[in-house]
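A short write-up of the structure that comes next.
Values quoted throughout were computed directly from the atomic coordinates according to the rules given, and no laboratory measurement underlies them. Keep in mind the model is a prediction, meaning the values are calculated, not measured.
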Amino acid sequence: MTGRAGKTRNIFLVWLVWPLLTLGIYHLVWYYKVNREARDFDRGITVDPVVSVLAVTVGWVVIVPPFVSIYNTGQRIARMQQAAGMQATCNPLIGLVLAFVFSLHVLYYQQELNQIWARYQQPEEGSEVPLAA
């Protein structure tokens, strides 16, 4: 089985610099890309990246959807780690708690994703990589 590699990103640029420069728009772009990468990496992960972004934007009206989406994204990253043959170190509960602290979940989740791409020696984004499970 193979999957598509995602992009290694600088965790501080993703968390602080790009969102500040784009008035928060980059955060939504990043969130879409991370969920798309999860779907493309492991075909067993079913997620619609657009729905994930809608959950963290207009989902605030209902209060609960953003938190469910953030938690589920952490679960997807942990599943990606397992599919890469790694120990699942991404804890969605930690990600959820960090969302309340300066949106640090972005930094945490990107660091966990970067570990996956490092396992494959920084593959080119979109290239095929072998999955362990």
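Observations, loosely collected:
- Gap separating the Cα centres of segment 111-133 and segment 19-48, nearest whole Å: 16 Å
- Cα principal axis extents for the chain, largest first, Å: 40, 28, 24
- Length-normalised contact order of the chain in % [C-alpha pairs under 8 Å, at least 6 apart]: 36 percent
- Inverse mean reciprocal Cα-Cα distance (Kirkwood Rh) of segment 89-129, Å: 11.2 Å
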